[in-house]
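One structure below.
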Amino acid sequence: MIQSSLAISLLVLVLLLLGFLSSTSESLQFELQSGHSKCISEDIKSNSMTVGKYSVVNHNEGHPLPETHKITVRVTSHYGNSYHYSENAETGQFAFVAAEAGDYMACFFAADHQPQITLTIEFDWKSGIAAKDWTNVAKKGTVDMKKWKEECLVLGVMRQKLGYYGHPNKEMLERQAMELELKRLQDTVTSIHEEMFYLREREEEMQELNKTTNSRMAWLSFLSLFVSLSVAGLQLWHLKTFFEKKKLI
(Lines give C-alpha, C1' and ligand atoms only; values in the text may rest on other atoms or scores of the structure.)
Protein backbone atom coordinates (compact mmCIF):
# COMPACT_ATOMS: atom_id res chain seq x y z
CA MET A 1 0.00 0.00 0.00
CA ILE A 2 2.86 2.38 0.80
CA GLN A 3 4.50 1.62 -2.55
CA SER A 4 1.21 2.20 -4.36
CA SER A 5 0.66 5.56 -2.62
CA LEU A 6 4.23 6.57 -3.42
CA ALA A 7 3.74 5.69 -7.08
CA ILE A 8 0.52 7.73 -7.27
CA SER A 9 2.20 10.72 -5.61
CA LEU A 10 5.12 10.53 -8.01
CA LEU A 11 2.73 10.30 -10.95
CA VAL A 12 0.86 13.41 -9.81
CA LEU A 13 4.16 15.27 -9.43
CA VAL A 14 5.23 14.25 -12.93
CA LEU A 15 1.90 15.42 -14.36
CA LEU A 16 2.28 18.80 -12.67
CA LEU A 17 5.81 19.23 -13.97
CA LEU A 18 4.68 18.17 -17.41
CA GLY A 19 1.92 20.75 -17.34
CA PHE A 20 4.42 23.50 -16.58
CA LEU A 21 7.08 22.42 -19.05
CA SER A 22 5.14 21.16 -22.03
CA SER A 23 3.90 23.60 -24.63
CA THR A 24 0.14 23.54 -24.91
CA SER A 25 -1.61 24.02 -28.19
CA GLU A 26 -5.16 25.27 -28.49
CA SER A 27 -7.33 25.31 -31.56
CA LEU A 28 -7.43 28.67 -33.32
CA GLN A 29 -10.70 29.97 -34.73
CA PHE A 30 -10.88 32.92 -37.11
CA GLU A 31 -13.17 34.44 -39.73
CA LEU A 32 -12.42 34.70 -43.43
CA GLN A 33 -14.45 36.73 -45.90
CA SER A 34 -15.02 35.52 -49.44
CA GLY A 35 -12.53 36.91 -51.92
CA HIS A 36 -9.90 37.35 -49.23
CA SER A 37 -7.02 35.34 -47.80
CA LYS A 38 -5.42 34.99 -44.39
CA CYS A 39 -2.02 33.54 -43.52
CA ILE A 40 -0.70 32.16 -40.23
CA SER A 41 3.02 31.65 -39.63
CA GLU A 42 4.81 29.26 -37.32
CA ASP A 43 8.52 29.27 -36.52
CA ILE A 44 9.69 25.65 -36.87
CA LYS A 45 13.21 24.31 -36.53
CA SER A 46 14.65 21.76 -38.92
CA ASN A 47 13.92 18.03 -38.45
CA SER A 48 10.86 18.84 -36.31
CA MET A 49 7.55 17.08 -36.77
CA THR A 50 4.56 19.33 -37.41
CA VAL A 51 0.89 18.45 -37.83
CA GLY A 52 -2.11 20.61 -38.61
CA LYS A 53 -5.87 20.22 -38.89
CA TYR A 54 -8.36 22.67 -40.34
CA SER A 55 -12.08 22.71 -41.00
CA VAL A 56 -14.83 25.12 -41.98
CA VAL A 57 -17.33 25.49 -39.14
CA ASN A 58 -20.85 24.43 -40.11
CA HIS A 59 -23.27 26.70 -38.27
CA ASN A 60 -26.24 24.70 -39.60
CA GLU A 61 -25.69 21.31 -38.03
CA GLY A 62 -27.39 18.48 -39.82
CA HIS A 63 -27.10 20.18 -43.20
CA PRO A 64 -24.16 19.92 -45.61
CA LEU A 65 -21.97 22.93 -46.25
CA PRO A 66 -22.84 24.82 -49.46
CA GLU A 67 -20.35 25.00 -52.30
CA THR A 68 -19.60 28.61 -51.41
CA HIS A 69 -18.12 27.46 -48.08
CA LYS A 70 -15.04 25.85 -49.60
CA ILE A 71 -11.48 27.02 -49.05
CA THR A 72 -8.07 26.54 -50.60
CA VAL A 73 -5.17 25.86 -48.23
CA ARG A 74 -1.46 26.03 -48.95
CA VAL A 75 1.44 25.45 -46.55
CA THR A 76 4.85 26.73 -47.63
CA SER A 77 8.26 27.15 -46.09
CA HIS A 78 10.32 30.30 -45.71
CA TYR A 79 12.00 29.51 -49.05
CA GLY A 80 8.71 29.00 -50.91
CA ASN A 81 8.70 25.19 -50.95
CA SER A 82 5.17 23.79 -50.85
CA TYR A 83 4.39 21.12 -48.23
CA HIS A 84 0.61 20.96 -48.51
CA TYR A 85 -2.01 22.09 -50.98
CA SER A 86 -5.75 21.45 -50.95
CA GLU A 87 -8.39 23.07 -53.15
CA ASN A 88 -12.16 23.32 -52.55
CA ALA A 89 -11.83 21.68 -49.14
CA GLU A 90 -14.18 21.69 -46.17
CA THR A 91 -11.73 19.98 -43.85
CA GLY A 92 -8.23 18.57 -44.07
CA GLN A 93 -4.97 17.91 -42.33
CA PHE A 94 -1.25 17.86 -43.04
CA ALA A 95 1.83 16.38 -41.42
CA PHE A 96 5.48 16.63 -42.41
CA VAL A 97 8.99 16.86 -41.02
CA ALA A 98 10.49 20.31 -41.53
CA ALA A 99 13.52 20.01 -43.79
CA GLU A 100 14.57 23.61 -43.21
CA ALA A 101 14.36 25.95 -40.27
CA GLY A 102 12.38 29.17 -40.41
CA ASP A 103 8.87 30.57 -40.62
CA TYR A 104 6.33 28.26 -42.24
CA MET A 105 3.18 29.85 -43.63
CA ALA A 106 -0.31 28.35 -43.79
CA CYS A 107 -2.51 30.45 -46.08
CA PHE A 108 -6.28 30.12 -46.44
CA PHE A 109 -8.09 31.43 -49.53
CA ALA A 110 -11.85 31.85 -49.93
CA ALA A 111 -13.27 32.18 -53.43
CA ASP A 112 -14.99 35.42 -54.35
CA HIS A 113 -18.76 35.37 -53.97
CA GLN A 114 -21.54 37.90 -54.30
CA PRO A 115 -23.02 38.80 -51.93
CA GLN A 116 -20.00 38.54 -49.69
CA ILE A 117 -20.09 35.81 -47.04
CA THR A 118 -17.99 35.18 -43.95
CA LEU A 119 -16.51 31.76 -43.19
CA THR A 120 -15.47 30.57 -39.73
CA ILE A 121 -12.40 28.34 -39.79
CA GLU A 122 -10.94 26.21 -37.01
CA PHE A 123 -7.21 25.59 -37.26
CA ASP A 124 -4.97 23.54 -34.98
CA TRP A 125 -1.22 23.58 -35.65
CA LYS A 126 1.27 21.70 -33.50
CA SER A 127 4.99 21.22 -33.86
CA GLY A 128 7.80 19.62 -31.93
CA ILE A 129 6.93 17.63 -28.82
CA ALA A 130 3.30 18.78 -29.00
CA ALA A 131 2.92 17.01 -32.36
CA LYS A 132 3.93 13.60 -31.02
CA ASP A 133 1.14 11.03 -30.95
CA TRP A 134 1.23 9.84 -27.34
CA THR A 135 -1.89 7.74 -27.89
CA ASN A 136 0.08 5.23 -29.94
CA VAL A 137 2.77 5.16 -27.29
CA ALA A 138 0.16 4.40 -24.64
CA LYS A 139 -1.40 1.69 -26.83
CA LYS A 140 2.00 0.14 -27.36
CA GLY A 141 2.54 0.14 -23.62
CA THR A 142 -0.82 -1.59 -23.14
CA VAL A 143 0.14 -4.33 -25.60
CA ASP A 144 3.43 -4.86 -23.82
CA MET A 145 1.63 -5.05 -20.52
CA LYS A 146 -0.64 -7.84 -21.79
CA LYS A 147 2.46 -9.86 -22.44
CA TRP A 148 3.27 -9.53 -18.76
CA LYS A 149 -0.12 -10.86 -17.66
CA GLU A 150 1.15 -14.35 -16.82
CA GLU A 151 4.05 -12.88 -14.87
CA CYS A 152 1.61 -10.70 -12.93
CA LEU A 153 -0.51 -13.76 -12.02
CA VAL A 154 2.56 -15.65 -10.84
CA LEU A 155 3.68 -12.61 -8.88
CA GLY A 156 0.23 -12.37 -7.27
CA VAL A 157 0.35 -15.99 -6.12
CA MET A 158 3.78 -15.49 -4.62
CA ARG A 159 2.67 -12.34 -2.78
CA GLN A 160 -0.39 -14.10 -1.37
CA LYS A 161 1.85 -16.79 0.01
CA LEU A 162 3.95 -14.09 1.62
CA GLY A 163 0.85 -12.44 3.11
CA TYR A 164 0.64 -9.49 0.68
CA TYR A 165 -2.69 -9.09 -1.08
CA GLY A 166 -2.00 -6.17 -3.39
CA HIS A 167 -3.26 -6.26 -6.96
CA PRO A 168 -0.29 -6.82 -9.33
CA ASN A 169 -2.20 -5.77 -12.45
CA LYS A 170 -3.16 -2.46 -10.84
CA GLU A 171 0.43 -1.82 -9.79
CA MET A 172 1.62 -2.73 -13.26
CA LEU A 173 -0.87 -0.27 -14.77
CA GLU A 174 0.32 2.46 -12.44
CA ARG A 175 3.92 1.71 -13.25
CA GLN A 176 3.23 1.69 -16.99
CA ALA A 177 1.37 5.01 -16.78
CA MET A 178 4.17 6.52 -14.74
CA GLU A 179 6.78 5.30 -17.24
CA LEU A 180 4.78 6.85 -20.07
CA GLU A 181 4.55 10.21 -18.30
CA LEU A 182 8.25 10.09 -17.42
CA LYS A 183 9.11 9.46 -21.07
CA ARG A 184 6.84 12.31 -22.09
CA LEU A 185 8.51 14.56 -19.54
CA GLN A 186 11.95 13.53 -20.78
CA ASP A 187 11.00 14.28 -24.38
CA THR A 188 9.58 17.65 -23.29
CA VAL A 189 12.78 18.59 -21.45
CA THR A 190 14.84 17.48 -24.47
CA SER A 191 12.65 19.58 -26.75
CA ILE A 192 13.03 22.63 -24.49
CA HIS A 193 16.81 22.09 -24.40
CA GLU A 194 16.97 21.90 -28.20
CA GLU A 195 14.70 24.92 -28.48
CA MET A 196 17.10 26.95 -26.30
CA PHE A 197 20.02 26.06 -28.58
CA TYR A 198 17.89 26.89 -31.61
CA LEU A 199 16.98 30.30 -30.17
CA ARG A 200 20.63 30.91 -29.37
CA GLU A 201 21.58 30.15 -32.97
CA ARG A 202 18.84 32.45 -34.23
CA GLU A 203 20.08 35.19 -31.88
CA GLU A 204 23.63 34.79 -33.21
CA GLU A 205 22.31 34.98 -36.76
CA MET A 206 20.37 38.15 -35.94
CA GLN A 207 23.42 39.71 -34.28
CA GLU A 208 25.53 38.88 -37.32
CA LEU A 209 22.86 40.35 -39.57
CA ASN A 210 22.77 43.53 -37.47
CA LYS A 211 26.56 43.86 -37.64
CA THR A 212 26.53 43.38 -41.39
CA THR A 213 23.70 45.88 -41.83
CA ASN A 214 25.42 48.47 -39.63
CA SER A 215 28.67 48.01 -41.54
CA ARG A 216 26.92 48.45 -44.89
CA MET A 217 25.05 51.49 -43.63
CA ALA A 218 28.36 53.04 -42.47
CA TRP A 219 29.94 52.50 -45.87
CA LEU A 220 26.81 53.87 -47.55
CA SER A 221 26.97 56.96 -45.34
CA PHE A 222 30.62 57.59 -46.27
CA LEU A 223 29.79 57.05 -49.93
CA SER A 224 26.85 59.48 -49.74
CA LEU A 225 29.06 62.06 -48.02
CA PHE A 226 31.77 61.63 -50.65
CA VAL A 227 29.26 62.02 -53.51
CA SER A 228 27.73 65.11 -51.86
CA LEU A 229 31.13 66.78 -51.38
CA SER A 230 32.11 65.88 -54.93
CA VAL A 231 28.93 67.39 -56.34
CA ALA A 232 29.40 70.51 -54.22
CA GLY A 233 33.00 70.86 -55.43
CA LEU A 234 31.95 70.48 -59.08
CA GLN A 235 29.25 73.10 -58.64
CA LEU A 236 31.76 75.56 -57.14
CA TRP A 237 34.20 74.87 -59.96
CA HIS A 238 31.47 75.34 -62.58
CA LEU A 239 30.30 78.62 -61.03
CA LYS A 240 33.85 79.94 -60.76
CA THR A 241 34.54 79.06 -64.40
CA PHE A 242 31.26 80.67 -65.49
CA PHE A 243 31.95 83.93 -63.64
CA GLU A 244 35.52 84.07 -64.97
CA LYS A 245 34.24 83.70 -68.54
CA LYS A 246 31.74 86.47 -67.91
CA LYS A 247 34.53 88.51 -66.34
CA LEU A 248 32.46 89.02 -63.25
CA ILE A 249 35.32 88.05 -60.94
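The values are calculated or read from the model by the stated rules, or taken from the named source; none is laboratory data. What you see is a predicted model; the values in this text were computed from it and never measured. Note that each Cβ is placed from the backbone with ideal geometry, even for glycine, and that neighbours are counted across all protein chains shown. Areas reflect the complete protein model, heavy atoms only, side chains present, ligands, DNA and RNA absent. Shrake-Rupley method; radii C 1.70, N 1.55, O 1.52, S 1.80 Å.
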Inter-residue pairs, beta-carbon under 6 Å, first assigned to a helix (DSSP H, G or I) and in segment 188-214, second surrounded by 10 or more Cβ atoms within 10 Å (Cβ to Cβ) and small (Gly, Ala, Ser), 6+ apart = Thr188/Ser22; Ser191/Gly128
query = Is it the case that Leu173 is modelled with pLDDT of 75 or more, hydrophobic (A, V, I, L, M, F, W, C) and part of a helix (DSSP H, G or I)?
reply = no
ask   = For segment 72-114, how many residues are of a type in the set (Val, Ile, Thr), more than 15 Å from the chain's Cα centre (by Cα) and within 15 Å of Ile40 (Cα to Cα)?
value = 2
key: Top-ranked residue in segment 40-80 [being open to solvent by less than 40 Å² (accessible area, probe 1.4 Å) and small (Gly, Ala, Ser); ranked as nearest to Met196 (Cα to Cα)]   = Ser48
task = Run Ala98 past the list (1) farther than 26 Å from Leu185 by Cα; (2) without any contact (Cβ under 8 Å) to a residue 60 or more places away in the chain and report the number of the one that doesn't hold.
result = (1)
key: Tally of residues being exposed (fewer than 14 other Cβ atoms within 10 Å of the Cβ) and part of a strand (DSSP E or B) across segment 95-111   = 2
message = Here is a check on your reading of the model: is Tyr83 open to solvent by 40 Å² or more (accessible area, probe 1.4 Å), in contact with a Gly (Cβ under 9 Å, 6 or more places away or on another chain) and either more than 17 Å from Pro66 (Cβ to Cβ) or among the acidic types (Asp, Glu) (or both)?
response = no
inquiry  = So in segment 62-80, with the set limited to residues that are outside any loop (DSSP other than H, G, I, E, B) and among the aliphatic types (A, V, I, L, M), which one is farthest from Gly102 (Cα to Cα)?
reply    = Ile71
message = Given the condition among the hydrophobic types (A, V, I, L, M, F, W, C) and not in a loop (DSSP other than H, G, I, E, B), answer yes or no: does some residue in segment 53-61 qualify?
response = yes
